[in-house]
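Here's the structure, in structure tokens; my notes come after.
Every number in this text was worked out from the coordinates using simple rules, so none of it is lab data. From a predicted model like this one, the values you see are computed outputs, not experimental measurements. Positions of Cβ are backbone-derived with ideal geometry, glycine not excepted, and every protein chain shown enters the neighbour counts.
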Amino acid sequence: MYKLTDVTRLYAKGGRTVPAVRDLNLVISDGEWLAVQGRTGHGKSTLLNLLGGLDRPTSGIIEFDGKDLAQLREAQMTRLRAESIGFIFQTFNLVPTLSAAENAEAALIPLGIGAATRRRRVDAALDSVGLGDRARHLPGELSGGQQQRVAIARALVKEPKVLLADEPTGNLDEDTRDEIINMLEMLWRERNLTLILVTHDSTIARRAQLVGVMSKGRLSIRQDTRQRAATDSMTD
Amino acid sequence: MFFITYLWRELRRRMRQAIFIALGLAVGIGLVVTVTAASAGVKKAQSDVLSSLYGVGTDVTVTGSPPKPPSTGSAPPKGAQTFQMGPGGATVCQNGKCSNAAGQKIDHLDSAGYTSISQSKVAAVAKLKDVKAAAGGLALSDTSISIPKNFGQAGGSLPTPNSFNVDGVDTSHLSLGPLSAGSVTSGRSLKGSDANSDVAVLDSGYATSNKLKVGSTVSIIGHKFKVIGIVAQPQGGSPPAVYIPLARAQALGTEGTSSLRGKVNTIYVTAASAADIPTVQKEIKKLLPAATVTTASSLASEVTGSLSSTAKLANDLGRWLSILVLITAFAVASLLTMAAVARRVREFGTLKALGWRSRRIIAQVMGESIAMGIIGGAAGVGLGFAGAAVITAIAPKLSATVASATGQRIVSMGPGGGRSFSPTATHTVAVPMTASVTASAIAAAVLLAVVGGLLAGSFGSWRIARLRPADALARVA
């Protein structure tokens with residue numbers, strides 16, 4: 001799925017060059033779950049943006065299914081995001097004037113899918129997050145947890161290969177946090193998604209197969225249960 | 001359709017701002033429509049005044065130079081009749097021979113305001129390169145003075161002067177000249193076969209005041225002409241009273257003591273195209289250096305009075321005021337759209353993250369701006385109609401003072417005798433001011449509305465196009 005080789009992302013800040021990500025090497029296979037932790041300003045979101053094709057590295061190679069993202073033209077990158085990558089944001093980022101169903105539908109617009117198919121897929125996506133009965137509600141009429149579930153439905157409605165979640169529970173209370181994480185874990189398992197999740201919450205991070213910590217732009221893997229999971233599955 | 005749903009919801013969310021932008025555009029566009037309507041009304045009034053003078057379809061009018069008024073005390077020209085009053089009564093003198101004027105009627109049909117031009121010049125003008133058609137005409141004035149038998153005696157009556165204008169019309173070119181602007185209200189107009197007949201068409205005003213109708217006869221220097229039709233000319237002009245065939249006018253009319261046979265004093269010209277008018281004017285001036293060559297636009301510039309002032313007001317102040325208001329409206333709309341885009345950076349960043357291409361987001365923002373522009377345009381057209389109605393309702397009648405091609409003949413009387421001459425006269429007419437919204441003004445309003453919307457949207461779009469999704473999302477975070 002992902003292969004990052006010597007990836008560096010520099011930013012110009014006040015006349016200085018600041019490395020947000022530096023010399024990062026990482027391989028993430030299909031269906032794996034990577035949790036990224038770290039202090040604010042140490043490159044977590046930059047890494048997520050690079051993986052999601054929202055930003056380009058200053059140097060290095062980011063391969064996604066064998067394609068170097070840095071070499072893709074903007075239109076190709078946009079198409080890749082539309083087809084293969086789902087985003088979930090800490091602040092939900094729903095369009096306030098559109099209903100839950102229309103927000104989810106917005107993710108299908110770039111794919112040029114017909115209206116009837118869009119409606120069917122949106123209904124299914126909202127049902128999968130338990131919001132089938134809230135399809136016509138505006139974001140302002142939903143709780144934080146419900147809004148995040150709409151955002152998850154929006155990310156999943158296009159059936160992406162990768163789900164990138166930036167602090168998806170950062171704005172939620174503990175109960176809702178658990179509810180959302182349980183849902184994400186379930187969807188990850190059911191749909192064989194590659195899940196890359198940025199979080200400050202160690203409880204959530206521990207549920208991932210891979211846990212990396214970003215510090216001063218460098219990623220160090222603190223937990224890797226992939227081998228154990230593979231062994232467990234063989235034993236089972 | 002998702003595009004429409006999204007657009008409509010956004011407009012509803014920003015209802016107050018949308019109304020503000022639409023109202024701003026509406027005021028600007030409404031002002032443009034009103035000023036255009038007023039300007040069109042003034043132009044129509046000018047056109048009515050001009051067409052009543054020279055007729056519809058006439059681009060250039062050629063007239064002989066105006067005769068000089070006689071100087072006081074100068075001898076009358078050879079062959080001219082003079083009218084003298086003395087202690088023994090009134091006498092009429094011609095070539096030094098005098099007779100008692102009592103009971104006589106002195107009647108002249110003279111070239112009214114201009115010296116004559118040979119009719120052969122009409123054909124020469126018609127042959128010029130950029131001329132489509134040319135027709136000659138004779139603008140004459142029938143002036144008569146009836147001297148009572150008891151004139152000069154104690155308790156005797158005073159002479160009664162009478163004057164009316166006669167227009168000799170080329171019946172083979174009826175689409176040119178003053179008669180072409182009139183509409184027949186009774187009977188028929190002149191036709192080709194009337195060329196040598198004693199038939200006349202009367203102006204409706206003259207016919208009414210003299211109780212004449214189709215079938216009546218009208219006398220021109222003692223010749224009876226059968227009235228075959230009555231025409232009404234556009235309001236604002238000073239039309240001739242009687243139209244007769246050119247050949248008959250040439251046969252009866254005089255210029256001083258000379259006959260007008262084979263002569264005209266006005267040539268009506270249609271250019272091949274509007275763009276050719278200045279060239280035609282130059283060509284004719286070269287062919288007839290002594291003649292006065294007038295175009296509709298040059299004549300319009302000679303129109304004075306409140307009509308002229310209103311035209312200037314509509315063209316200058318109105319136009320600039322409209323432009324100023326429109327620029328302000330466009331600028332406010334653009335700034336507000338920019339501000340709205342700035343507030344929606346997260347939204348657009350998210351859409352980009354979802355795989356929306358910049359141009360799709362730009363189309364969405366442009367759609368919203370154009371929708372606001374169209375709403376503003378529709379309201380602006382409504383305001384324009386209202387403005388035009390207010391102008392029509394409250395505007396006073398405009399006055400137009402124009403040089404008359406068929407000037408009145410003036411009879412001067414003095415100790416040295418009486419004589420008549422025709423200076424270049426002016427007359428003032430009252431023209432109603434009607435501001436009417438034309439289809440082209442509505443089309444211009446729609447165009448302005450779309451342009452306003454596009455302009456407002458383009459600034460926001462420029463910002464969206466430059467927006468990098470990572471930056472947009474990070475800025476919010």
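A Cα-only calculation for the range A:24-95 places Rg and Dmax at 12.9, 36 Å.
When shorter helices are ignored and each DSSP H run of at least 4 residues is given -39500 (n - 2.57), the per-residue value for chain A at 222 nm works out to -11000 deg cm²/dmol. The distance separating the Cα centre of the range A:109-125 from that of the range B:367-397 comes to 42 Å. The range A:153-180 and the range B:168-246 have Cα centres spaced 92 Å apart. Mind listing P(r) for chain A? All alpha-carbon pairs, 5 Å bins, whole percents. Each 5 Å bin holds this share of Cα pairs: 1, 6, 14, 18, 19, 16, 13, 8, 4, 1, 0, 0. Counting only DSSP beta bridges whose two residues both lie in the protein assembly as shown, roughly 75 percent are antiparallel. Any idea what the relative contact order of the range B:65-290 is, in percent, if you count C-alpha pairs under 8 Å spaced at least 6 apart? After rounding, I find 24 percent. All other residues whose Cβ lies under 11 angstrom from that of B:Thr438 are scored, Lys and Arg at +1 and Asp and Glu at -1, for a net of +2. In loop segments of the range B:207-237 as defined by DSSP, the trypsin sites (Lys or Arg not before Pro) with at most 11 further C-beta atoms inside 10 Å of their C-beta are B:Lys211. Against the compact-protein benchmark of 2.2 N^0.38 Å, the Cα-based radius of gyration of the range B:65-290 scales to 1.15.
Could you please state, rounded to a whole Å, how far the C-alpha centre of the range B:90-115 is from the C-alpha centre of the range B:447-471? Spelled out, the Cα-based centre of one part sits 82 Å from the other.
With N the number of residues in the protein assembly as shown, Rg(Cα) / (2.2 N^0.38 Å) evaluates to 1.68.
At a Cα cut-off below 30 Å, give the lysines reachable from B:Lys285, other chains included and same-chain residues fewer than 8 away excluded. Leaving aside lysines fewer than 8 places away in the same chain, those within reach of B:Lys285 are B:Lys43, B:Lys44, B:Lys68, B:Lys121, B:Lys127, B:Lys129, B:Lys132, B:Lys263, B:Lys312.
Annotation for A:Val18 and B:Met338: the two label points, set 7 Å from Cα along the Cα-Cβ direction, are 2.7 nm apart.
Distance between the 7 Å Cα→Cβ label points at B:Ala474 and B:Asn210: 9.4 nm.
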